[in-house]
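Structure first, then comments.
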Amino acid sequence: MSAPVQPYGYPQSPYPGYVLVAARGPKNRVGVLGPILAIAGALIALAGTVLHWYSAGGAHVDLHDLAKGTDVTGAKALPRVYFGWLLWLLLGLTIVAALLANVPWSMSAVLRVLSPVFGALGVVLLLVSLGQLHESGSIFDNAAVGLWAVLLGFVLTGIGGVFGPRRR
């Protein structure tokens, strides 16, 4: 739009006409807290996969032992699938979704929802799988640091994706 024109015979205004400037929306930048939580959760969860999950009477059980124990015929399907490959898939999806949810792009809003969903799904399926493996007692009886680290890692990583990109 151009500046208003004075009618014929009137002197020109000494002031320039107004100029319309397009309004700018908030400037999105990569968040800080979300990626920190996502990376911390990912590192904790990955550490938990190599630490002992259960300790009792000098015997230790880790993720590898759980995966080997579910490979036998007659094992229930969910623990076999979960400890075989689904845990790794859900952990990877949670980490990627949480990190990309904090980057300003068109999919960040969707990933801000998917990140905690993947994290919660990882926790729930882990607890259900362990429940199917335990014949008596609680799944937390004799639980060691590895189990707690994986649970905490899923939760922190999922929460890390909720924050999204920073707005200015």
One finds the C-alpha centres of the range 96-160 and the range 28-77 to be spaced, in Å, by 10 Å
Cut-off under 5 Å, modelled amide H: who pairs with ARG166 long-range: ARG29, VAL30, GLY31
What does the charge count around HIS52 come to, taking other residues whose C-beta lies under 13 Å from its C-beta (Lys +1, Arg +1, Asp -1, Glu -1)? -2
Send over the per residue convex hull volume for the range 28-167, Cα only, as a whole number of Å³. 90 Å³
Taking loop as defined by DSSP and a crowding limit of 14 other beta carbons within 10 Å, which chymotrypsin sites (Phe, Trp or Tyr not before Pro) in the range 83-168 fit? TRP105, PHE140
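Every read-out reported here was derived from the displayed coordinates using simple, explicitly stated rules and does not represent laboratory data. None of the values given here were measured: they were computed from a predicted structure. Reconstructed Cβ throughout: ideal geometry from the backbone, glycine too, with neighbour counts over all protein chains shown.
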